[in-house]
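Below: the structure, in structure tokens.
The values are calculated or read from the model by the stated rules, or taken from the named source; none is laboratory data. The shown structure was predicted, so the numbers you read here are calculated from the model rather than taken from an experiment. For neighbour counting, all protein chains shown are included, and Cβ atoms are generated from backbone atoms with ideal geometry for every residue, glycine included. Surface accessibility is based on the protein's heavy atoms, side chains included, excluding ligands, DNA and RNA. Shrake-Rupley method; radii C 1.70, N 1.55, O 1.52, S 1.80 Å.
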Amino acid sequence: MWPRVEGMRAMELGTPGAMRDRLNALVLAGTKRATALRVQDYADDGEEMERVAERLALLDDDGARLATLEVTAVDVRRFGDVPWELAEAEGEGFTDIEDWRVRHRDFWNQHGAPVTDDTGIACIWFRVLG
């Protein structure tokens, strides 16, 4: 199960360290408004998918809440069908959807969670409440 903070499920972006610090900074600046997770990760972790209006605690490496996020949209797509709108909303400077696919495929492969074009991806949009 994912950590809980003040009754909210946690959102821990990327991997601990520099990557998480960078992604959290993008969220706090309002640049990063979405993220993508493999649907299989929910099953593996015994979690339900986020739902619209759910509030999440954005955490740093030490488990401290940096902000409260509100889920504004949830969409499940095949990896090969994830739209540019999601990649752009991730705010990480992807040049096009193929750049997003290459970089996400590499990330998941490096972490023992390979994806194919048919892998289910949860596209989660959110906004910072404070």
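In segment 85-130, what residues are of a type in the set (Asp, Glu) and over 23 Å from ALA67 (Cβ atoms)?
The answer is ASP96, GLU98, ASP99, ASP106, ASP117, ASP118.
With the structure loaded, tell me whether ALA29 is out of contact with any Asp or Glu (no Cβ under 7 Å at 6 or more places or on another chain) and exposed (fewer than 13 other Cβ atoms within 10 Å of the Cβ) or whether it fails that test.
It is true that ALA29 is out of contact with any Asp or Glu (no Cβ under 7 Å at 6 or more places or on another chain) and exposed (fewer than 13 other Cβ atoms within 10 Å of the Cβ).
Collect the residues in segment 60-74 that are assigned to a strand (DSSP E or B) and hydrophobic (A, V, I, L, M, F, W, C), keeping them in residue-number order.
LEU66, ALA67, LEU69, VAL71, ALA73, VAL74
Would you say THR72 is in contact with a Phe, Trp or Tyr (Cβ under 6 Å, 6 or more places away or on another chain), at pLDDT 95 or above and open to solvent by 60 Å² or more (accessible area, probe 1.4 Å)?
yes
Would you check which residues across segment 23-59 are in a loop (DSSP other than H, G, I, E, B) and more than 15 Å from GLY130 (Cα to Cα) and list them?
GLY46, GLU47, GLU48, MET49, GLU50, ARG51, VAL52 - these are the residues of segment 23-59 that are in a loop (DSSP other than H, G, I, E, B) and more than 15 Å from GLY130 (Cα to Cα).
Among (1) open to solvent by 20 Å² or more (accessible area, probe 1.4 Å); (2) farther than 15 Å from GLY14 by Cα, where does VAL115 come up short?
That leaves (1) as the condition not met.
Quick one: LEU86 ticks every box in (1) among the aliphatic types (A, V, I, L, M); (2) closer than 12 Å to LEU37 by Cβ; (3) not in a helix (DSSP H, G or I) bar one, so which box is it?
LEU86 satisfies every listed condition except (3).
Mind listing whichever residues of segment 75-85 are more than 13 Å from the chain's Cα centre (by Cα) and open to solvent by 50 Å² or more (accessible area, probe 1.4 Å)?
Hits for segment 75-85 are ARG77, ARG78, ASP81, TRP84, GLU85.
Being closer than 22 Å to GLY120 by Cβ, open to solvent by less than 40 Å² (accessible area, probe 1.4 Å) and at pLDDT below 95 narrows it down to one of GLY46, GLY14, so name that one.
After applying the criteria, what remains is GLY14.
Considering each of ARG4, ARG38, ARG55 in turn, give the residue that is at pLDDT 95 or above and either closer than 23 Å to ARG105 by Cβ or surrounded by fewer than 14 Cβ atoms within 10 Å (Cβ to Cβ) (or both).
After applying the criteria, what remains is ARG38.
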